[in-house]
Amino acid sequence: MFPFRKHRARRVEIRRNRPDNASRLWARLTRRDNLISIAIALAFCVSVASIVMFREGVVRYRPGQFTQQDVVSRVDFMTLDQDKLREARQARRDAAARVYRINAENENPFETLEKDLNDLPPLLWGRQTAAEIDSDVRQNLGLDTGEAGTLQMFESYRDHADDYKRTVHHFVESLREGLGDQVILAPDDRRKDIDRTILLHGASGNLEVWTLQKTVAAGSEELKARIATIAQSAVLNRLLAAKLGLFAANTLKPTFVFDDAATVERRNEAEASVPETQAEVRFNANQVLIPKRTVVSERHWLLLRQEQRAFLSQLGSGVQQQKFGLAALVILCTIALAGYIHRFQPRIVTNHARAAALAMLLISMLLLAALAAVGTGPLYVFGIAPTILVAVILTLAYDSRFAVGVSTLHALLVTAALDQSIGFFLILAVGIVTCAYFLHDVRSRSRLIEVGGLAAISMIIATVAAGCINFDPAEYILKNCLSAGAAGLGAGFIALGILPFVEKVFRITTSMTLLELADVSHPLLRRLQNEASGTYNHSLQVATLAEAAAESIGANSLLCRVGAYYHDVGKMNKPEYFVENQIDGVNRHINLNPNISLLIIIGH
C-alpha cells in the first residue's frame with residue numbers, strides 16, 4: 001500500500017507543478033500584440049464575407065457566353081419585358097394627337113386679307129403692262145406679262161374706290177362665312193395628320209378635337225376651288241371675282257400652326273399613361289429561358305437576373321444556408337491565410353502596420369473584382385486584374401513563395417465571389433505563378449511591363465484551353481482572351497505607377513531604387529567624394545569585393561554593393577581622423593585621449 005500511495009502522491013505533485021498548456025496558450029493570445037493581430041484577422045474575415053455575399057447578384061451566364069444546354073427557370077416569376085414596354089409606350093406616343101395653336105403672326109387672317117385686297121389697286125394703277133408690276137403681286141393675281149384687261153379693270157376703280165372697298169368687304173365676309181368651320185393648316189402639317197385627329201389650342205385655352213374633314217391646306221387646289229366658288233357668288237364682275245379669289249387663295253395664311261412644345265408634353269403624358277403591368281410576362285418553373293447552343297444576349301442576361309432575384313426571394317431559409325456556407329469558406333481561408341503568414345512571414349504578425357496594409361490590399365482588390373460581376377462589363381478584365389496585381393505587389397514586397405500562396409487564396413475568394421468555374425480559377429493561378437516566377441528582380445521600369453506581358457500570354461493560353469473545354473463559341477473565347485491579356489498588361493502598368501507607394505507602405509526597397517542609390521551622381525555620394533575622397537575610394541573597393549562575394553553564395557549582390565557604397569558615409573563628419581583620408585601621413589589620434597579617439601571612431 002505504501003509504495004502505491006507514494007507513487008500516486010508523486011504523480012499528483014508532478015501534475016500540480018506541471019505548467020498548464022491551456023493557460024499558457026490563453027496568456028499568449030490575450031497579449032496586447034496578439035489581440036491586435038487577431039482583431040485585424042477578424043476585420044479581414046468580416047469584410048471578405050460581406051464582399052463574397054455580392055455573389056447573390058451574379059447571374060449564371062454573361063452576355064456573349066454560349067449555353068451548352070437549355071437554361072430553364074427554377075421558379076415561377078414575373079418579369080418586365082422592356083422591349084414590349086418600350087414598343088407599347090412608343091405606339092401610344094405616336095398615336096397621341098398633335099397640338100396646334102392660333103397663328104400668333106396672323107391671328108385674324110380675314111382682316112389681313114381684306115387689308116391686302118384694299119391695298120392692291122394703287123399697286124396696279126398707272127401700269128400699262130403686267131411686266132411693270134411687282135413679281136409677287138403679279139404671281140398672286142395670276143397675271144401674264146402681256147395681260148392688260150385686268151389692269152384696265154382695276155384702273156376703272158380709281159374713281160370708285162368706295163365701290164371697290166364694299167365689294168372687297170362683301171367678298172371677305174362671304175369668305176369668312178364659307179370657311180368659318182375650316183381650319184387652315186400648312187401643307188406639310190396637314191400631310192402628317194392626314195389619317196388622324198388633331199387638337200386645337202384656341203384663344204380660350206381649351207383643347208378642341210378636330211378631324212381631317214374640318215381642315216384644309218393653305219394654297220391647296222381644294223382651298224383654291226372653294227374660294228373661287230365663293231368669289232363667283234359674292235362678286236358680280238366675273239373677272240374681278242376670279243382675280244380676288246385667286247389672290248385670296250394664294251395669300252391666305254394658315255389659321256393654326258403646329259405647337260411643338262405642347263405636342264411633346266401631350267406625347268409624354270400619353271407615354272407615361274402606359275402601365276408597366278401591360279408589358280409583364282409570366283414564366284413558369286422548368287420553362288426554357290434560353291435554348292441550348294445559344295449565345296447569351298443583353299436581353300437574356302436581364303431575364304436571368306430577374307429569375308435569379310425571384311429564386312433567391314423564394315428560397316427562404318435556403319439563402320441563410322448558402323450564406324452560412326460562404327461564411328464558413330471565408331473563415332477557413334482566413335485561418336489558412338493566417339497560418340501561412342505565421343509560417344513564412346512571421347514578421348507580419350508582429351508588425352501590425354504591415355498586417356493592416358496586407359489586409360487592405362486583399363480586401364480592396366477583392367471588392368474591385370466583385371463589383372465587376374454586378375453588371376455586364378468584361379468580367380475577364382476587372383475580375384482577373386486585381387488578383388494579378390496582388391501577386392505582383394506581394395512578390396515585390398516579400399518573395400515568390402509567399403506571393404503565390406497568398407494570391408492563390410485570394411484567387412479562390414474571387415472565384416467564389418464571382419460564382420465562376422474551376423476554369424476561371426486556373427486562369428488566375430496561371431497568371432499568379434507567371435508573375436511570381438519571372439518577377440524575381442526589378443532593375444528597370446520595363447521589367448514590370450515585360451512580366452505583365454508574359455502573364456497576359458500565359459492567361460490567354462489558359463483562357464483558350466478553358467473555353468475549348470466548355471465548348472464556348474470562338475467569338476466568346478476571343479473576347480475573353482483579349483480581356484485576360486488586357487488584365488495582365490494592365491496589372492503591369494498599374495504596378496509600375498504605384499511602385500513608389502508600394503515601397504513606402506510595405507517599407508521595402510526594390511532593385512530599381514537600389515540602382516538609383518548606386519548612381520555615382522547621387523548627392524550623398526558626391527558629397528562623400530568631395531569631403532572624404534579616401535573613404536569614397538575605400539567604399540568602391542569594398543563594394544566590388546562585397547558584390548563578388550554575394551554572387552558566389554547566391555545573395556543579393558546589388559544590395560551588398562549599394563550597402564558598401566554608403567557604409568562609411570559617417571566619416572564625413574571628421575574625415576581627417578581616418579587613415580584613408582590622411583594625405584599628409586599625420587595621424588590625428590596620436591595626441592588625443594584614447595577615449596576621445598574611441599568616440600570618434602564609434603561615432604562614424
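The values are calculated or read from the model by the stated rules, or taken from the named source; none is laboratory data. The model shown is predicted, which means the values in this text are computed figures rather than measured ones. Here Cβ is always computed from backbone atoms with ideal geometry, including for glycine, and neighbour counts include all displayed protein chains. Keep in mind that these areas ignore ligands, DNA and RNA; they rest on the heavy atoms of the full protein, side chains included. Shrake-Rupley method; radii C 1.70, N 1.55, O 1.52, S 1.80 Å.
The set of residues in region 541-557 being part of a helix (DSSP H, G or I), under 15 Å from residue 517 (Cβ atoms) and at pLDDT 80 or above consists of 546, 547, 557. Listed conditions (1) outside any strand (DSSP E or B); (2) of a type outside the set (Lys, Arg); (3) open to solvent by less than 90 Å² (accessible area, probe 1.4 Å); (4) at pLDDT 80 or above are all met by residue 99, apart from (1).
Where residues in region 431-442 are in a helix (DSSP H, G or I) and open to solvent by less than 50 Å² (accessible area, probe 1.4 Å), which of them is nearest to residue 480 (Cα to Cα)? Among those that are in a helix (DSSP H, G or I) and open to solvent by less than 50 Å² (accessible area, probe 1.4 Å), it is 431. Tell me yes or no: at least one residue of region 577-586 is open to solvent by less than 60 Å² (accessible area, probe 1.4 Å) and under 30 Å from residue 446 (Cα atoms). No, there is no match, as no residue in region 577-586 is open to solvent by less than 60 Å² (accessible area, probe 1.4 Å) and under 30 Å from residue 446 (Cα atoms). Has region 109-122 got at least one residue that is surrounded by 14 or more Cβ atoms within 10 Å (Cβ to Cβ), modelled with pLDDT of 75 or more and in contact with a Phe, Trp or Tyr (Cβ under 6 Å, 6 or more places away or on another chain)? Looking through region 109-122, at least one residue is surrounded by 14 or more Cβ atoms within 10 Å (Cβ to Cβ), modelled with pLDDT of 75 or more and in contact with a Phe, Trp or Tyr (Cβ under 6 Å, 6 or more places away or on another chain). The residues in region 414-430 that are assigned to a helix (DSSP H, G or I) and open to solvent by 10 Å² or more (accessible area, probe 1.4 Å) can be counted, and the count is 8. Taking the listed residues 451, 433, 381, 390, the one that is under 19 Å from residue 64 (Cα atoms) and not polar (S, T, N, Q) is 381, with no other qualifying. Residues in region 558-578 that are aromatic (Phe, Trp, Tyr) and part of a loop (DSSP other than H, G, I, E, B): 578 alone.
Pairing each residue of region 447-475 that is farther than 30 Å from residue 496 by Cβ with any residue that is among the small types (Gly, Ala, Ser) and loosely packed, with under 15 Cβ neighbours inside 10 Å, provided the two are 6+ apart or on different chains, yields C-beta distances under 8 Å for 470/421.
Against the numbered list (1) open to solvent by 30 Å² or more (accessible area, probe 1.4 Å); (2) out of contact with any Pro (no Cβ under 7 Å at 6 or more places or on another chain), residue 393 comes up short only at (1). Scanning region 504-518 for residues that are at positive phi and open to solvent by less than 60 Å² (accessible area, probe 1.4 Å) gives no hits.
What residue, among those in region 238-272 that are polar (S, T, N, Q) and in contact with a strand residue (DSSP E or B) (Cβ under 6 Å, 6 or more places away or on another chain), is surrounded by the most Cβ atoms within 10 Å (Cβ to Cβ)?
Applying the filter and picking the extreme gives 255.
Identify the residue in region 443-486 that is assigned to a helix (DSSP H, G or I) and of a type in the set (Lys, Arg) and, among all such residues, is nearest to residue 391 (Cα to Cα). Filtering first and then ranking leaves 447. Number of residues in region 50-62 that are in contact (Cβ under 8 Å) with a residue 24 or more places away in the chain and open to solvent by 20 Å² or more (accessible area, probe 1.4 Å): the value is 7. Considering region 66-81, the residues that are open to solvent by 20 Å² or more (accessible area, probe 1.4 Å) and touching a helix residue (DSSP H, G or I) at 6+ places or on another chain (Cβ under 7 Å) include one that is modelled with the lowest pLDDT, namely 66. When residue 537 is tested against (1) open to solvent by 60 Å² or more (accessible area, probe 1.4 Å); (2) of a type outside the set (Lys, Arg); (3) under 17 Å from residue 514 (Cα atoms), just one condition goes unmet, and that condition is (3).
When residue 483 is tested against the conditions (1) among the small types (Gly, Ala, Ser); (2) farther than 30 Å from residue 578 by Cβ; (3) open to solvent by 50 Å² or more (accessible area, probe 1.4 Å); (4) in contact (Cβ under 8 Å) with a residue 24 or more places away in the chain, the lone failure is (3).
Table: residues versus (1) open to solvent by less than 20 Å² (accessible area, probe 1.4 Å); (2) at pLDDT below 85; (3) not aliphatic (A, V, I, L, M).
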site: 305; (1), (2), (3): no, yes, yes
site: 311; (1), (2), (3): no, yes, yes
site: 317; (1), (2), (3): no, yes, yes
site: 347; (1), (2), (3): no, no, yes
site: 352; (1), (2), (3): no, no, yes
site: 356; (1), (2), (3): no, no, no
site: 364; (1), (2), (3): no, no, yes
site: 370; (1), (2), (3): yes, no, no
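Among the residues in region 328-344, are any crowded, with 17+ Cβ neighbours inside 10 Å and without any contact (Cβ under 8 Å) to a residue 60 or more places away in the chain? No, because not a single residue in region 328-344 is crowded, with 17+ Cβ neighbours inside 10 Å and without any contact (Cβ under 8 Å) to a residue 60 or more places away in the chain. Beta carbons closer than 6 Å, at least 6 apart along the sequence or on distinct chains, pair a first residue in region 281-296 that is over 12 Å from residue 79 (Cβ atoms) with a second that is of a type in the set (A, V, I, L, M) and open to solvent by less than 80 Å² (accessible area, probe 1.4 Å) for 285/75; 286/72; 288/72; 290/71.
The residues of region 493-518 that are over 17 Å from residue 361 (Cβ atoms) and within 23 Å of the chain's Cα centre (by Cα) amount to a single one, 493.
Within region 443-478, the set of residues being loosely packed, with under 14 Cβ neighbours inside 10 Å and among the aromatic types (Phe, Trp, Tyr) comprises just one member, 471.
Yes or no, residue by residue, for (1) farther than 30 Å from residue 286 by Cα; (2) in a helix (DSSP H, G or I); (3) at pLDDT 85 or above; (4) among the basic types (Lys, Arg):
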site: 3; (1), (2), (3), (4): yes, yes, no, no
site: 14; (1), (2), (3), (4): yes, yes, no, no
site: 22; (1), (2), (3), (4): yes, yes, no, no
site: 35; (1), (2), (3), (4): yes, yes, no, no
site: 43; (1), (2), (3), (4): yes, yes, yes, no
site: 47; (1), (2), (3), (4): yes, yes, yes, no
site: 50; (1), (2), (3), (4): yes, yes, yes, no
site: 64; (1), (2), (3), (4): no, no, no, no
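Close contacts from region 302-316, counting a first residue that is among the polar types (S, T, N, Q) and a second that is open to solvent by less than 60 Å² (accessible area, probe 1.4 Å) and not in a loop (DSSP other than H, G, I, E, B), with Cβ to Cβ under 8 Å and a gap of 6+ residues or different chains, come to 306/77; 306/79; 306/80; 308/56; 308/57.
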